[in-house]
Structure formats: C-alpha cells, structure tokens
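Trainee: Dumping the structure here so I can ask a few things about it.
The values are calculated or read from the model by the stated rules, or taken from the named source; none is laboratory data. On a predicted model such as this, the values are computed, not experimentally measured, just so you know. Heads up, the Cβs are rebuilt from the backbone with ideal geometry, glycines too, and the neighbour counts pull from every protein chain shown.
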Amino acid sequence: MILYDYILSPDCYKVRLLAALTGARITLRPVDFHPGGEHKTAPFLAMNPSGTIPIFEDDGLILTESSAILTYLAAKAGPAWLGDDTPAMRGRVAQWLAFSQRLSASIGKARVHDMLNKPADIQACRRAGTQCLREIEAALVEQRLAGHAFLAGDRPTIADIACFPHSMLAPDGGISVDPYPSIRLWTRSIRALPGFIEMPGIHRLHDLKPEPGPIPERV
Amino acid sequence: MTDTPMLNEWYPVGILTQLTKAGRDTLLMGEAINVACDSLGAPVVSAEDGRTLPVRARYGHVWTSLGSPTKELFDIPEADQPGRRLVDVGVVRVKCSPLRAVENFLDIAHFPFVHTDILGAEPHTEVQRYEVQIREEVDEVWATKVKFYQPQAAKSAAGGITTDYMYRVPAPTVSILYKTCPPRPGEWDVITLFVQPMAEDLCQVWPWMALFDDQTPMTDLIHFQQMIFLQDRSILENQLPRLLPLDPGMEIPTRADMTSVAYRRWLKRHGFTYGAQLVAA
Amino acid sequence: MALSRDVPPQVVIPTFVDGRELAVWRSQSGRIAAWDDRCPHRGMRLSHGFVRGESLSCIYHGWSYNEAGLCQRIPAHPDLVPPEAIRVPTVAAVESDGIIWVASEPASQPPPTLTGLVALRSLTVEAPATAIATAAGMPIDQDGALRPDLAGIACVLLVQPIPGDRTVLHVLVASNASPAAQAAVSRALEDLRRRVESERLAA
Amino acid sequence: MSSNATCSDMFTLRGDLGAPSFLPWIARHAGRLGIIGRVTAASADEVSLLVEGPPDLVDAMELGVSLGPIDVWVESIKRERLLSRP
C-alpha cells in the first residue's frame with residue numbers, strides 16, 4: 001500500500017493516522033505539493049486527473065478521495081473502524097465521511113489561504129467553517145446525551161478520523177475552536193487513542209506521559 | 001510607524017525559480033509590492049507608486065528593500081561551497097511579529113515540547129551553558145557552543161545524540177543555523193529562516209537550506225523542514241503580547257534565553273523596532 | 001463561565017472574565033483553577049498547555065505551575081528550585097451545581113443556587129447579551145440568567161458576555177428532563193442562536 | 001549543583017543608565033525573580049548592584065538587566081563573585 005503524501009495535508013494525515021491506529025503498513029511517497037506543485041505534473045495527473053492528493057495505490061487499485069481511502073484501509077486493516085454493520089451506523093459513518101468534504105472546502109481552504117497563500121474567498125471560507133464546527137459541536141452534544149464520546153457511536157470510527165484533523169487545524173485558517181467544549185473533549189479522546197500520531201499543528205497530549213524524573217544516568 | 005533603520009534592510013520576497021512575468025502581489029512592511037521577472041528571467045520588484053525597488057538574487061530568493069540599503073546583503077559563504085544541496089523550502093505565512101518568528105528560531109529549550117521526539121524529548125530538557133556575542137566587526141549576533149540532546153538527529157541514528165549548533169543573526173529578520181552534519185564531520189549544515197515582514201504582526205517565512213546530504217530525496221528534505229516550522233506556527237500565533245517586547249519587564253528570561261536576549265539587545269541598539277513593543281506589557 | 005462537565009481532569013480551556021483572558025483547568029485530583037492565560041516566561045498562552053498531576057505546564061518550554069500558580073519546574077534548568085516569586089496571577093474559581101464560576105475581584109456574594117437543574121451545554125452567540133434577551137422576550141435577572149421555556153422545558157441560560165460583542169450561554173435544564181428532551185432543548189438553542197444572529201445581520 | 005546553592009555577586013553596569021525608570025525597574029525585576037538586587041551606587045553611566053540568590057537566578061538577573069527598560073542602554077555588565085554557598 002502506497003500513500004502519495006504531503007506532511008502538511010490534513011487529508012493525507014487522515015490516512016497516515018488510520019494506518020497508525022490499525023497497525024497497517026503503508027509506504028509513504030512524499031509529494032512536493034508546496035512549493036513544487038508536483039501533484040499537478042503529468043505523472044500525478046495520470047494517476048489522479050483531479051490533481052489532488054492524497055493518492056493511494058494498492059495492488060493496481062488507485063483511490064484519490066480521502067474518505068474512500070479510509071473506507072478501504074479500514075476494511076482491509078481494521079474493520080472495527082467502519083463501525084458495526086447496523087444500517088443506522090453505516091448511515092452515520094457515511095454521513096460524516098460526506099460531511100468531511102465540507103470541512104475540506106471551508107476550513108481546509110481557509111488554512112491553505114492563510115498559510116500557503118493559495119487564493120480563496122477567505123471570509124466565505126471562515127463563515128462556512130464556523131458553521132461546520134457548530135454542526136459538529138451540536139452533534140457531539142447529542143452524542144454525549146446518549147452516552148457516546150464519538151461521532152458515530154460509542155467507539156471511534158473512520159467518521160471521527162475524517163472530521164478530526166480539520167476540526168483541530170481550524171485556527172490555521174483564522175477560525176477559532178475555542179467556543180466548542182464538546183469538540184475539545186472529542187479531539188482529546190482521539191488524541192488519547194493508542195497508536196495516535198501527530199501532524200504539524202496537532203500536538204500530542206503531553207499530559208498522557210508522566211512528569212519525567214531525573215535522567216537515569218548522565219554521560 | 002515608520003522605522004527608518006529597518007526600511008533600509010534587505011528582505012526576502014519570493015523564490016527565484018518561481019518568478020513569473022505577471023508577478024505576484026505581496027506586502028512588505030505594510031506597502032504593496034509586486035515581485036516579477038523580466039523577459040530574461042531577472043527579478044523585478046515594483047512598489048505600488050510605480051517605483052522600482054533594488055533587488056538582489058541570492059540564496060534561492062529575491063531580496064528587496066523599501067529604503068536605501070547602506071549595507072550589501074549579508075554573506076553566507078557556505079552557499080557557494082561545492083557539494084552542498086540547496087533547498088527552497090517554500091513560503092509559510094504566520095500571524096505573528098516577524099521578530100517573534102526569528103526569536104523562536106533561535107530557541108532550543110522548546111524542542112522537547114514542540115518538536116517532541118524529533119529535535120528534543122523529555123527528560124533531556126536541560127540547556128547547557130553556551131556563548132553569545134555581538135560580533136562587532138560584522139555587526140551580527142552569534143550564539144556558539146550550543147548543544148542539545150536530539151532523539152532522532154538523523155535517519156540512520158539508532159538512538160539519540162547530542163547535536164552541536166551555532167546561530168547567527170546577520171539582519172533583523174534573518175537567522176542562520178549551523179548544525180552538526182552527520183555525513184561530514186567537521187562541516188556544518190546550514191538551515192536558515194528568511195522572514196518577510198508584511199505588517200508588524202504578520203510575516204511570511206521562507207526557510208532555506210544548504211546541506212551535505214546526497215541520500216535524502218529533495219522532497220523529504222522540504223517536508224522535514226516544513227514539518228518543523230509548522231509545529232512552531234501555533235506557538236507563534238499565541239504569544240502575548242503580539243509584538244516582541246524589547247523591555248523584558250513582563251517576562252522572565254533565564255540563561256537558556258541568552259540568544260533571545262542578545263537578539264533583542266541588538267534590535268534595540270539599532271532601532272530595529274518594526275514588530276517590536278518598546279515597553280513592558 | 002464553564003460547565004463542570006466540559007472541564008474534566010487534565011483539561012484546560014481559554015475563557016474571559018471582565019475582558020481578561022483566562023486559562024481554566026482541572027488537576028488530575030479534580031481541583032479547578034483560573035489564571036491569566038499567559039506564561040510569565042515568554043508570554044505563551046497557558047490554555048494551550050498540558051496538565052500532569054496537580055500542575056499545569058506551558059506547551060512552549062514546559063515551565064510548570066502548581067494549583068496556586070507557583071512555578072514548580074523549569075525544564076531548561078532542571079536543578080533549579082524556582083522561587084515563589086515566579087508565579088502566574090490567579091483569580092478565584094469556585095464550582096457549584098455543575099457550573100464553574102470565576103471572579104476577577106473578590107466576589108461579594110456566592111454564586112446563585114441552581115438546584116434541581118442539570119448542565120446541558122455552553123454555546124457562543126455572535127451577539128451581545130441584550131440581543132439574546134430581546135429574542136428570548138425577557139430581561140436578564142439578578143443572577144445574570146435568562147429563564148425561558150425551550151422545547152417545553154424550563155431552562156436557565158447563564159449569560160457570560162465576552163469581548164467582540166459576543167455572549168456565551170451556559171444552559172441548564174430541569175434535572176428530570178430525559179435525554180431526548182435535553183436534545184430537543186439543544187436544538188431549540190441552535191434555533192434561538194440562528195434567530196438572534198440573523199436579526200443582527202439584518203440590522 | 002545543589003538546589004540550595006546561593007551566591008552573592010556584585011554587578012557593575014556601564015552604559016546610558018540615567019533614566020529614572022531604571023532603578024525601580026531593577027528592584028521590580030529582582031522581585032519577580034525572588035532574589036535580592038540592591039543598588040549600592042548609581043550614576044548616569046554606572047550602576048553597582050549586589051545580587052544574591054541561586055546562581056541560575058543571578059544569571060537570569062544579569063540577562064534581564066542587560067536588556068532593561070527601553071530608555072536605558074546597558075553596554076556592559078561586569079560580574080564579581082563575592083560569596084558562594086554550596
């Protein structure tokens with residue numbers, strides 16, 4: 001399994017994160033997205049005419065949408081991440097996978113505008129991003145009332161992986177995450193999962209590690 | 001605020017290999033400028049009022065100035081050393097004072113907490129005594145004999161090693177890091193932070209490197225440096241006050257902050273105050 | 001200024017009191033503290049920090065402070081015992097009936113009693129408190145609360161004005177309300193917010 | 001280095017030190033570090049300062065003072081150890 005990867009891309013990070021959480025072995029092929037624009041070059045357009053990353057390749061299969069890659073990777077390496085197979089759960093997971101596209105189109109766009117100077121209607125992106133975060137917050141409030149800590153149920157699924165990165169990276173695009181207490185607790189639950197890996201802008205929870213004692217032996 | 005000493009300095013405003021004839025609009029110290037190239041590919045920088053600004057093409061970047069530079073662009077002799085790979089890392093915009101971006105780059109004590117398991121890791125948090133001076137003959141800030149424990153100094157390193165650093169500030173918004181070079185003992189890798197002040201609380205950062213490394217693919221080198229810098233971005237955007245205080249009366253600098261204090265003294269001495277706060281608050 | 005349930009052990013959140021930026025956090029053993037949201041070392045926001053045991057540490061250089069705000073450890077100088085003088089300014093924080101209250105000045109009276117209620121959620125409205133009171137059709141009472149019926153349930157909306165003409169509503173509902181009824185209140189709050197904000201946009 | 005170590009250093013500051021803000025600033029900064037910082041002599045271009053406390057904090061005092069308030073320029077600080085207690 002090969003992931004054409006960019007270290008700063010939340011959509012690529014979703015795949016790296018799920019791989020880490022499921023223990024799946026994937027090979028990373030770094031793409032010079034910025035400043036090189038390598039994803040728009042002929043070899044990449046041949047694989048993915050839409051000119052986006054991530055691109056995921058396994059045994060002749062090419063997938064280019066992060067939600068599809070999450071679905072494939074979970075099915076292969078960790079079916080529990082798809083949720084249980086009740087119709088309601090399947091529906092909820094699919095709902096959030098589709099929703100995550102709105103996060104990319106709002107928060108994701110605001111972020112590359114503010115960080116990497118890509119053009120965007122920044123006010124419109126921020127408004128839409130705030131609306132998305134409010135919807136996640138409201139959904140999580142109702143999940144908490146039902147005793148569930150995660151978006152689609154009582155355990156983490158690819159729905160959470162799909163929505164988590166942009167929800168944390170919103171400040172990169174000038175969108176505050178301070179007003180959302182349920183999002184704060186939800187993202188903490190994800191960051192506390194065994195095998196969690198970070199990306200730039202999403203720090204690990206240092207509080208999970210005890211205060212270090214003195215260095216055992218000094219050289 | 002007009003800051004004459006800083007107006008006369010050189011600033012990075014673009015990557016040489018990415019110039020276009022149409023050019024790119026950007027800001028330099030609040031003034032709108034356009035960075036383009038002429039039909040021969042030479043950089044041209046123009047201001048909003050039509051005047052053509054002085055340019056230099058060096059270290060992978062276009063440099064310009066809004067004023068009349070009294071000094072030539074600083075020298076990085078290693079840039080011309082054969083065998084080095086020169087890496088344009090790309091631009092990252094940060095909502096912080098340009099001076100805060102430089103100060104953070106000069107800091108090693110944050111490595112275990114912000115660049116965890118890469119540039120530092122608990123419990124190896126101690127900052128050993130190092131030396132800082134303002135080199136009068138070149139009028140630059142230098143920090144030398146800086147040592148810090150690094151868990152993953154190189155891909156080949158099985159465990160952590162203590163890495164040697166030197167830091168150099170040759171211009172108010174430029175910092176150059178010299179770092180132990182694993183494949184070539186005795187040489188230093190050069191990693192720079194070129195900062196374009198857009199406003200007093202907004203900047204663009206153009207990292208650039210000159211490395212001895214024939215193994216690592218170019219994209220990996222770019223990604224590594226982008227990863228490091230982007231780990232710093234949330235710190236830089238959340239320091240209070242937004243501008244860099246030149247009076248430390250609301251801060252508690254300790255010996256680990258020697259480079260930061262030397263940098264601020266040097267800014268104060270030259271009146272480099274664009275992006276600085278003059279009183280403690 | 002926050003619901004107890006939204007600040008479980010080891011969590012730190014940013015908030016405001018009288019326009020002052022605060023970091024409010026709960027230690028591992030459950031103690032609540034409210035401080036200036038700024039590390040005295042180099043000015044980083046402490047609300048980005050992390051809680052270990054009974055200390056809050058700054059994310060930037062790991063300086064850690066005990067619940068009284070006294071510096072305990074400076075990782076760059078591990079052998080140094082920090083003097084008591086290095087401290088973060090604190091404000092009083094108390095907890096009652098599922099709500100965390102802070103006071104920048106010594107409070108003249110204890111927080112209002114809110115028995116028979118359960119905390120539901122906090123939400124931020126892009127409008128001043130007066131606009132919300134108008135939309136709810138009632139004045140803010142002496143406890144700083146609105147007491148409307150939402151989705152047929154008696155609610156208490158504690159009003160916290162924050163900078164930028166915004167307001168945080170901390171919402172409690174009758175403790176016998178079922179989870180489904182509470183969810184209905186949560187949706188009614190979203191509706192209230194939409195009404196208030198669209199009226200402001202229209203004006 | 002033991003955690004109880006203290007030292008007494010005499011700082012001799014030279015520079016443009018005449019601003020009235022400086023001496024109160026020194027007292028405040030020493031207070032923020034929880035150490036003793038007593039001015040023993042002061043003129044417009046030279047200030048003598050007795051600093052007592054843990055060595056790391058005495059170092060911190062030197063750094064803070066070297067930057068000082070904006071209307072003061074500290075050109076140099078000479079440090080002389082008077083006393084060192086382990």
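Trainee: Kindly list, by first and then second residue, each pair from a residue in region C:151-177 that is without any contact (Cβ under 8 Å) to a residue 60 or more places away in the chain and within 27 Å of C:Val17 (Cβ to Cβ) to a residue that is part of a strand (DSSP E or B) and charged (D, E, K, R), limited to pairs with Cβ atoms under 8 Å and residues at least 6 apart or on different chains.
Mentor: Here the result reads C:Cys155/C:Asp149; C:Val171/C:Arg121, each pair linking region C:151-177 to a residue that is part of a strand (DSSP E or B) and charged (D, E, K, R).
Trainee: What about A:Leu70, is it under 22 Å from the mean Cα position of the chain (by Cα) and closer than 26 Å to A:Val112 by Cβ?
Mentor: Here the answer is yes, as A:Leu70 does meet what is asked.
Trainee: Still on this structure: Scanning region A:142-170 for residues that are over 15 Å from the mean Cα position of the chain (by Cα) and of a type outside the set (Gly, Ala, Ser), which turns out surrounded by the most Cβ atoms within 10 Å (Cβ to Cβ)?
Mentor: Per the criteria, the residue is A:Arg144.
Trainee: Can you find, within region B:253-281, the residue that is nearest to the other protein chains (Cβ to nearest Cβ) among those that are buried (at least 24 other Cβ atoms within 10 Å of the Cβ) and in a loop (DSSP other than H, G, I, E, B)?
Mentor: The qualifying residue nearest to the other protein chains (Cβ to nearest Cβ) is B:Thr254.
Trainee: Considering only region C:48-116, give the strands (runs of 3 or more DSSP E) lying wholly within it that have at least 2 residues that are under 21 Å from A:Arg184 (Cβ atoms).
Mentor: The strands (runs of 3 or more DSSP E) meeting that bar are C:50-52, C:55-57, C:90-96, C:99-103.
Trainee: Where residues in region C:1-15 are within 9 Å of chain A (Cβ to nearest Cβ) and within 9 Å of the chain's Cα centre (by Cα), which of them is surrounded by the most Cβ atoms within 10 Å (Cβ to Cβ)?
Mentor: Here the answer is C:Ala2.
Trainee: Give A:Pro35, A:Pro87, A:Pro30 a once-over and let me know the one that is within 26 Å of B:Thr216 (Cβ to Cβ) and more than 20 Å from the chain's Cα centre (by Cα).
Mentor: A:Pro35
Listed here are the residues, each with its yes/no results for (1) surrounded by fewer than 22 Cβ atoms within 10 Å (Cβ to Cβ); (2) under 21 Å from the mean Cα position of the chain (by Cα); (3) of a type outside the set (A, V, I, L, M, F, W, C); (4) more than 14 Å from chain D (Cβ to nearest Cβ).
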site	(1), (2), (3), (4)
C:Trp63	no, no, no, no
C:Pro78	yes, no, yes, no
C:Ala85	yes, no, no, no
C:Ala92	yes, yes, no, yes
C:Leu114	yes, yes, no, yes
C:Ala129	yes, yes, no, yes
C:Pro139	yes, no, yes, yes
C:Pro161	yes, yes, yes, yes
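Trainee: Return a yes/no flag: does region B:68-82 have any residue that is part of a helix (DSSP H, G or I) and out of contact with any strand residue (DSSP E or B) (no Cβ under 7 Å at 6 or more places or on another chain).
Mentor: Yes, there is a match, as at least one residue in region B:68-82 is part of a helix (DSSP H, G or I) and out of contact with any strand residue (DSSP E or B) (no Cβ under 7 Å at 6 or more places or on another chain).
Trainee: Which residues, taken from region C:16-32, are more than 17 Å from C:Val51 (Cα to Cα) and either among the basic types (Lys, Arg) or within 11 Å of another protein chain (Cβ to nearest Cβ) (or both)?
Mentor: Answer for region C:16-32, where residues must be more than 17 Å from C:Val51 (Cα to Cα) and either among the basic types (Lys, Arg) or within 11 Å of another protein chain (Cβ to nearest Cβ) (or both): C:Phe16, C:Arg20, C:Glu21.
Trainee: Looking only at region D:69-79, decide whether some residue is in a loop (DSSP other than H, G, I, E, B) and within 14 Å of chain C (Cβ to nearest Cβ).
Mentor: No, because not a single residue in region D:69-79 is in a loop (DSSP other than H, G, I, E, B) and within 14 Å of chain C (Cβ to nearest Cβ).
Trainee: Name the single residue, out of those in region B:86-128 being more than 30 Å from B:Thr273 (Cβ to Cβ) and either away from chain A (no Cβ under 14 Å) or polar (S, T, N, Q) (or both), that is surrounded by the most Cβ atoms within 10 Å (Cβ to Cβ).
Mentor: B:Thr125
Trainee: Okay, moving on. Have a look at B:Asp214, B:Asp247, B:Asp257 and point out the one that is acidic (Asp, Glu) and over 23 Å from B:Ala143 (Cα atoms).
Mentor: Being acidic (Asp, Glu) and over 23 Å from B:Ala143 (Cα atoms) holds for just one of B:Asp214, B:Asp247, B:Asp257, which is B:Asp214.
Trainee: In addition: Is there a residue in region A:196-212 that is under 23 Å from A:Glu65 (Cβ atoms), buried (at least 21 other Cβ atoms within 10 Å of the Cβ) and either more than 10 Å from chain B (Cβ to nearest Cβ) or acidic (Asp, Glu) (or both)?
Mentor: Taking every residue of region A:196-212 in turn, none turns out to be under 23 Å from A:Glu65 (Cβ atoms), buried (at least 21 other Cβ atoms within 10 Å of the Cβ) and either more than 10 Å from chain B (Cβ to nearest Cβ) or acidic (Asp, Glu) (or both).
Trainee: From the list B:Asp189, B:Asp164, B:Asp201, exactly one residue is more than 25 Å from B:Val92 (Cα to Cα), among the acidic types (Asp, Glu) and at pLDDT 90 or above. Which is it?
Mentor: B:Asp164
Trainee: Which pairs do you get when a residue that is in a helix (DSSP H, G or I), found in region B:108-131, comes within reach of a residue that is surrounded by fewer than 18 Cβ atoms within 10 Å (Cβ to Cβ) and not acidic (Asp, Glu), reach meaning Cβ atoms under 9 angstrom, with the pair 6+ apart or on two chains?
Mentor: Short answer, once both residue conditions are applied: B:Phe111/B:Ile118; B:Pro112/B:Pro123.
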